[in-house]
Amino acid sequence: MVEIAPSSKARSAAPKRTLKPQDAATLIIVDRDGPTPRVLMGRRHAGHKFMPGKFVFPGGRIEPEDRRMAAAGALDAIVVEKLNLRVARPSPAFARAIALAAIRETFEETGLAVGVADYGAPENPPPGVWTRFAAAGVFPALDGVDFLARAITPPGRVKRFDARFLIVDARAIGARVEGVIHPEAELTELVWTPLDRARELDLPNITGLALDDLAAALESGLDRRRPRPFYRELHGKRLRETL
């Protein structure tokens with residue numbers, strides 16, 4: 001059977017297909033050693049179609065390799081529970097993959113390996129980024145990872161993600177690989193910005209909301225049982241629900 005492409009007029013009249021959001025994870029690294037908390041943010045390359053030139057937290061979609069990577073420690077049970085709320089196939093493995101995706105993407109985009117170096121390099125890591133991560137001599141560690149918020153990209157965007165914003169303390173950085181940040185990289189600049197001044201950067205709207213949520217969570221002492229914000233759009237209306 002041969003499928004005939006519609007005419008240009010028909011294509012313009014046809015409704016655009018709504019992209020299904022991809023599960024993704026973002027990692028907010030917080031440095032609380034000084035008088036005011038600082039967060040690590042990176043500027044996206046100006047040539048990107050998705051949020052060009054914006055300051056964001058490192059992150060990206062879950063990859064199959066994230067389910068196979070060894071890790072030190074485990075996520076807090078409350079964090080696992082919250083990450084699994086209102087998902088199609090909830091499981092501890094799903095929550096674990098989210099956390100590992102955030103750590104892998106952070107390493108790929110910044111060169112920072114979040115984890116512990118006490119155990120040497122992980123053996124037989126999955127190919128690709130995880131192999132380079134292991135070469136830094138660090139095991140990704142999950143026990144210090146917290147869950148801040150969830151947000152689904154509204155319909156009509158060039159890319160859509162079901163993103164989980166995670167938090168980890170800067171003391172969890174086990175190693176740094178140089179040369180990752182450069183003018184042609186995904187992130188062309190990294191900054192440690194005081195939390196109370198981060199809103200002065202050129203940010204996507206959802207990043208600004210996450211910063212507000214982070215400030216409130218830090219103020220509460222990062223109580224693991226606190227409600228987590230869930231941002232999404234339904235029938236054209238933007239919602240802020242809780243998990």
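Return the FRET efficiency for the residue pair THR18, ALA93: r is the Cβ-Cβ distance, R0 is 22 Å, and the value is rounded to the nearest 0.05. Kindly include the intermediate steps, with their values, before the conclusion.
Details: r = 28 Å, r/R0 = 1.27.
Result of the calculation: an efficiency of 0.20.
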*If R0 is 30 Å, what FRET efficiency do you get for ASP33 and ALA74 from their C-beta distance, rounded to 0.05?*
0.70
*Could you work out the helix-only [θ] at 222 nm for the chain, with each DSSP H run of four or more residues adding -39,500 (n - 2.57) and the total divided by the number of residues, to the nearest 500 deg cm²/dmol?*
-6500 deg cm²/dmol
_Relative contact order of the chain, pairs being alpha-carbon contacts under 8 Å that are 6 or more residues apart, as %_ = 26 percent
*asked:* Mean-square fluctuation check for the chain, GNM, Cα pairs under 10 Å: which of ILE206, ILE167, ILE29 is largest?
replied: ILE206
*What is the helix-to-structure angle for 92-110, meaning the angle in degrees between its Cα long axis and the longest Cα principal axis of the chain, kept from 0 to 90 and rounded to the nearest 10?*
80 degrees
*First select every other residue whose beta carbon is under 13 angstrom from the beta carbon of LEU239; then total the charges, Lys and Arg +1, Asp and Glu -1.*
+4
*Keeping the other protein chains in place, figure out the carbon and sulfur percent of the accessible area of the chain, with a 1.4 Å probe.*
52 percent
*Gaussian network model of the chain, Cα springs within a sub-10 Å range: biggest mean-square fluctuation belongs to which of ILE62, ILE103, ILE78?*
ILE78
*Multiply the residue separation of HIS45 and HIS182 by 0.36 nm, subtract the distance between their alpha-carbon atoms, and state the gained length in nm to one decimal.*
48.3 nm
*asked:* Give me, ordered by chain and number, the residues 5 or more places off PHE147 or on other chains with an amide H under 5 Å from its own placed amide H.
replied: ILE167
*Tell me, what is the FRET efficiency for ARG157 and ASP212 to the nearest 0.05, using R0 = 30 angstrom and their Cβ-Cβ distance as r?*
0.90
*For the chain, modelled as a Gaussian network with Cα springs under 10 Å, which listed residue fluctuates most, VAL191, VAL56, VAL39?*
VAL191
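According to the square roots a ≥ b ≥ c of the eigenvalues of the Cα gyration tensor, what is the shape class of the stretch 101-243, taking rounded for a/c under 1.5, prolate for a/b larger than b/c otherwise, and oblate for the remainder?
Working: a/c = 1.76, a/b = 1.53, b/c = 1.15.
Here the stretch 101-243 falls in the prolate category.
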*About the Cα centre of the stretch 104-243, what is the dipole size in debye to 20, counting +1 per Lys and Arg Cβ and -1 per Asp and Glu Cβ, all else neutral?*
700 debye
_Net charge around THR106, counting only other residues with Cβ within less than 12 Å of its Cβ (Lys, Arg = +1; Asp, Glu = -1)?_
-2
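The values are calculated or read from the model by the stated rules, or taken from the named source; none is laboratory data. If you're wondering where the values come from, they're calculated on a predicted model, not measured in any experiment. Note: ideal-geometry Cβ built from the backbone for every residue, glycine included; neighbour counts use all protein chains shown. Ligands, DNA and RNA are excluded from the accessible area calculation, which covers all protein heavy atoms including side chains. Shrake-Rupley method; radii C 1.70, N 1.55, O 1.52, S 1.80 Å.
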